[in-house]
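Novice: One structure follows; several queries about it will come next.
The values are calculated or read from the model by the stated rules, or taken from the named source; none is laboratory data. Because the structure is predicted, anything quoted here is derived from the model rather than measured. Don't worry about glycine lacking a Cβ; one is built from the backbone with ideal geometry, like all the others, and counts go over all protein chains shown. Protein only, heavy atoms only, side chains kept; ligands, DNA and RNA dropped before computing areas. Shrake-Rupley method; radii C 1.70, N 1.55, O 1.52, S 1.80 Å.
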Amino acid sequence: MAWRFALVIDPAASTDPRSDFSDTFTVIDPNAPALSVGELSTQRGDGIFESIGVVDGHPQEVGPHLDRLAHSARLCDLPTPNLAQWRAAVERVAAEADPGESVIKLILSRGVEHGPAPTAWVTLAPAPDNSRVRREGVRIALLDRGYALDVPARAPWLLLGAKTLSYAVNMAAIREAKRRGADDAVFVSTDGFVLEAPTASVVLRFGDRFVTPAPNAGILHGTTQLSLFAHLEERGFETAYETVAADDLARSDSAWLLSSVRLAAPVSAVDGAEKAIDAAFTDEINRYLLTPRD
Ligand code: PLP
């Protein structure tokens, strides 16, 4: 995959709200080396990120993504991001997008070792073609996340509610799911509750009621799930944040993994047991998720 565009932003620059921030952006060659060898994002995964879906040049749900970036920064003791500056950067980068689906990544790193300030950059790339997975679904393997539901509150330094760059565990879980003959994983707490997928939220349907695991400090609050719940409520469905038992995944009428770029991927099997997909409803959800959303 070739990156389409990249911008380095100076996160320590002026906070003048009248500024358009363009003097704090530096366009760089997206396919050339750019980072210092002292970068703590690469040395320690010490930083945070967001992935924003872009549809026909429109970046989706920018406000909720920026709010989550600020939340992650708070949890990681990073300087508060200037959200007006980040929004301007997203708009600048989105203007370069081709028709169709793309992905914008925002990265805020602790900075260069012994350096003076955090570093930050924004990239644009074409999104992978997710049409098949939206149609045919994902087979999931349930994987033990290794902690109980109360651990995030007892050990906040694990940063479990922050979208940090330390995704090696998440990627390892997807590889393990593949070894088990599945496409993706869903993490389960040691006390038997559904958490999230390595790169997606989990939503279950029981009749006209839609449920997702409560986004306490242990999982990310998905922007796609938030947007879908608002849409479902407008259509008269009930939505709820609850503790979800692992067995509920198989028991539910339907289940989806939801995320900003893949959107709604229906769950077609749980630990090898086939699960029915509601293709028509999934299609409706994805049509909604592909409309311009702010
Ligand atoms: N949970 C995790 C661990 C994720 O990495 C992601 C997305 O990247 C999500 C949930 C879903 O979040 P969103 O819908 O904002 O993409």
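Novice: For the range 38-154, would you read off the P(r) tail past 24 Å as a percentage of all alpha carbon pairs?
Specialist: Tail of the P(r) past 24 Å holds 43 percent of the pairs.
Novice: Rounded to the nearest 5, what % of DSSP beta bridges with both residues in the range 169-242 are antiparallel?
Specialist: Of the beta bridges lying entirely in the range 169-242, close to 50 percent run antiparallel.
Novice: Sorting 212, 119 by accessible area (1.4 Å probe), largest first, what list results?
Specialist: 119, 212
Novice: Calculate the dipole size of the chain relative to its Cα centre from +1 charges on Lys and Arg beta carbons and -1 charges on Asp and Glu beta carbons; express the result in debye to the nearest 20.
Specialist: Result for the chain is approximately 480 debye, rounded to the nearest 20.
Novice: Scan the range 181-274 for trypsin sites (Lys or Arg not before Pro) in coil per DSSP, keeping those whose Cβ has at most 12 other Cβ atoms within 10 Å, and list them by number.
Specialist: Those satisfying the criteria are 235.
Novice: While we're looking at this one, here's another question. Multiply the residue separation of residue 87 and residue 291 by 0.36 nm, subtract the distance between their alpha-carbon atoms, and state the gained length in nm to one decimal.
Specialist: Contour length minus Cα-Cα distance gives 71.5 nm.
Novice: Here's a follow-up. Working out 0.36 nm times the residue gap between residue 171 and residue 273, then minus their Cα-Cα distance, what length gain in nm do you get to one decimal?
Specialist: 34.4 nm
Novice: Give me the Kirkwood hydrodynamic radius of the range 151-247 in Å, from all C-alpha pairs, to one decimal place?
Specialist: 14.5 Å is the Kirkwood radius here.
Novice: Using DSSP to call loops (not H, G, I, E or B), can you name the GluC sites (Glu not before Pro) in the range 74-125 whose Cβ has at most 13 other Cβ atoms within 10 angstrom?
Specialist: Sparse-neighbourhood loop GluC sites (Glu not before Pro): 113.
Novice: As a test question: what accessible area, to the nearest 10 Å², does residue 105 have when a 1.4 Å probe is rolled over all protein chains in place?
Specialist: Looks like 80 Å² after rounding.
Novice: Ordered by packing density, taken as the mean number of other Cβ atoms within 10 Å over each peptide's residues, highest first, how do 55-64, 30-39 rank?
Specialist: Result, highest mean first: 55-64, 30-39.
Novice: Provide the FRET efficiency to the nearest 0.05 for the residue 153-residue 284 pair, computing r from the beta carbons and using R0 = 30 Å.
Specialist: Computed FRET efficiency for residue 153 and residue 284 comes out at 0.25.
Novice: If each DSSP helix of 4+ residues adds -39,500 (n - 2.57) and the sum is divided by the residues in the chain, what number results at 222 nm, nearest 500 deg cm²/dmol?
Specialist: Helix-only estimate at 222 nm: -8000 deg cm²/dmol.
Novice: Label residue 42 and residue 2 with points 7 Å out from Cα along Cα→Cβ: what is the distance between them in nm?
Specialist: The answer from the label model is 2.2 nm.
Novice: Expressed as an acute angle from 0 to 90° and rounded to the nearest 10, what is the orientation of the C-alpha long axis of helix 168-179 relative to the principal long axis of the chain?
Specialist: It is inclined by approximately 40 degrees.
Novice: In the chain, carbon and sulfur make up what percent of the accessible area (probe 1.4 Å)?
Specialist: 53
Novice: If you keep only loop residues by DSSP, which trypsin sites (Lys or Arg not before Pro) in the range 1-46 have at most 13 other Cβ atoms within 10 Å of their Cβ?
Specialist: Sparse-neighbourhood loop trypsin sites (Lys or Arg not before Pro): 18.
Novice: Under 27 Å Cα to Cα from residue 275, which lysines show up? Leave out anything in the same chain fewer than 8 places away.
Specialist: 178
Novice: Relative to the Cα centre, what is the charge dipole magnitude of the range 131-289, using +1 at the beta carbon of each Lys and Arg, -1 at the beta carbon of each Asp and Glu, and rounding to the nearest 20 debye?
Specialist: For the range 131-289, the charge dipole is close to 620 debye.
Novice: Another question about this same structure. Considering all alpha-carbon pairs of the range 1-104, what whole percent are spaced by more than 23 angstrom?
Specialist: Of all Cα-Cα pairs in the range 1-104, 30 percent lie more than 23 Å apart.
Novice: Name the most mobile residue of 267, 151, 203, meaning the one with the largest mean-square fluctuation, in a Gaussian network model of the chain with Cα contacts below 10 Å.
Specialist: Per the Cα network of the chain with a 10 Å cutoff, 151 tops the list.
Novice: If each Cα of the chain is one equal point scatterer, what is log10 of I(q)/I(0) from the Debye formula at q = 0.08, 0.15 Å⁻¹?
Specialist: Results for the chain at q = 0.08, 0.15 Å⁻¹ read -0.35, -1.23.
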